[in-house]
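A.B. asks: Submitted below is the structure of interest, expressed as structure tokens.
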């Protein structure tokens with residue numbers, strides 16, 4: 001076994017018991033959160049848990065700019081399930097995720113308990129139902145939701161076209177949209193090869209891979225807010241352009257370390 005392979009084994013050996021402990025704490029906290037129809041839990045427990053999970057996995061987060069306070073619809077590019085933990089560590093918000101996440105071992109239950117909304121991909125009424133759920137959440141005095149308008153994860157090298165239908169929720173709720181760009185950079189350029197969760201990747205196998213990594217850098221850029229009232233297509237087009245510019249290397253925002 002090479003030295004690098006041995007180090008991965010050792011990292012997994014000490015991280016795995018801590019991960020199990022952290023998951024247990026997360027389950028205990030989630031089980032105590034209020035539930036029921038018409039109630040959305042505070043995102044604060046998700047912030048606490050996500051920051052500790054990122055620290056355990058060696059994820060070091062740098063944030064450029066500041067997320068909006070108050071009601072907002074956040075839109076972001078999508079690379080991995082790890083994105084949710086990184087964004088939660090930076091920006092207290094709820095999430096809209098694909099329905100498959102709800103069935104993931106333990107993680108799915110945790111997501112449901114902390115107030116994640118789910119969309120059924122490929123279902124004729126899936127986007128319509130998700131949009132109605134988003135409007136209801138955004139109209140609350142503390143309504144904050146993050147969506148991934150690409151509809152799927154990518155290898156992190158670019159950003160796919162945004163589906164504008166979900167951004168209609170911001171128009172109906174009359175709340176601003178803020179684009180959040182996410183990168184996992186490595187020396188020499190590109191994306192950390194262990195991070196993208198695409199194709200036929202499975203959660204547990206991907207998590208095992210991440211447990212062996214020494215360090216993962218994550219950079220979040222909180223971009224200029226866009227006002228409601230300009231139309232969903234314009235919101236999709238302009239937020240996509242903002243994120244694409246960051247992925248292309250144009251990010252003038254001030255930075256701050258997280259966690």
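The values are calculated or read from the model by the stated rules, or taken from the named source; none is laboratory data. Note that the structure is predicted; figures quoted are calculated from it, not measured. A quick note on method: Cβ atoms are made from the backbone with ideal geometry, for glycine too, and the neighbour counts reach across all protein chains shown.
A.B. asks: Mind checking which pairs have a first residue in the stretch 41-60 that is at negative phi and a second that is part of a helix (DSSP H, G or I) and at pLDDT below 90, Cβ under 6 Å, 6 or more apart or different chains?
C.D. replies: What qualifies is 45/29; 49/26.
A.B. asks: Among the residues of the stretch 189-205, which ones are within 16 Å of residue 101 (Cβ to Cβ) and buried (at least 18 other Cβ atoms within 10 Å of the Cβ)?
C.D. replies: 197
A.B. asks: Could you look through the stretch 66-91, keep only residues that are out of contact with any strand residue (DSSP E or B) (no Cβ under 7 Å at 6 or more places or on another chain) and more than 23 Å from residue 160 (Cβ to Cβ), and pick out the one that is surrounded by the most Cβ atoms within 10 Å (Cβ to Cβ)?
C.D. replies: 70
A.B. asks: Hey, another quick one. I need a count of the residues in the stretch 66-108 that are assigned to a loop (DSSP other than H, G, I, E, B) and closer than 21 Å to residue 12 by Cβ. Show your work before the answer.
C.D. replies: Going residue by residue through the stretch 66-108, those that are assigned to a loop (DSSP other than H, G, I, E, B) are 66-71, 77-81, 91-93, 104-106.
Next, only the ones that are closer than 21 Å to residue 12 by Cβ stay: 80-81, 104-106.
Selection size over the stretch 66-108: 5.
A.B. asks: Condition test on residue 65, is it over 16 Å from the mean Cα position of the chain (by Cα) and in contact (Cβ under 8 Å) with a residue 24 or more places away in the chain?
C.D. replies: Yes: the conditions hold for residue 65.
A.B. asks: Then there is this: Quick check on my filter: what residues within the stretch 178-216 are in a strand (DSSP E or B) and over 15 Å from the mean Cα position of the chain (by Cα)?
C.D. replies: Residues satisfying the conditions are 185, 191, 216.
A.B. asks: Kindly indicate which of 140, 172, 161 is more than 17 Å from the chain's Cα centre (by Cα), modelled with pLDDT under 90 and either farther than 20 Å from residue 89 by Cβ or surrounded by 16 or more Cβ atoms within 10 Å (Cβ to Cβ) (or both).
C.D. replies: Details: 172 fails: modelled with pLDDT under 90; 161 fails: modelled with pLDDT under 90.
Of the residues listed, the single one that is more than 17 Å from the chain's Cα centre (by Cα), modelled with pLDDT under 90 and either farther than 20 Å from residue 89 by Cβ or surrounded by 16 or more Cβ atoms within 10 Å (Cβ to Cβ) (or both) is 140.
A.B. asks: Among (1) buried (at least 17 other Cβ atoms within 10 Å of the Cβ); (2) in a helix (DSSP H, G or I); (3) touching a helix residue (DSSP H, G or I) at 6+ places or on another chain (Cβ under 6 Å), which single condition is residue 63 missing?
C.D. replies: Failing condition for residue 63: (2).
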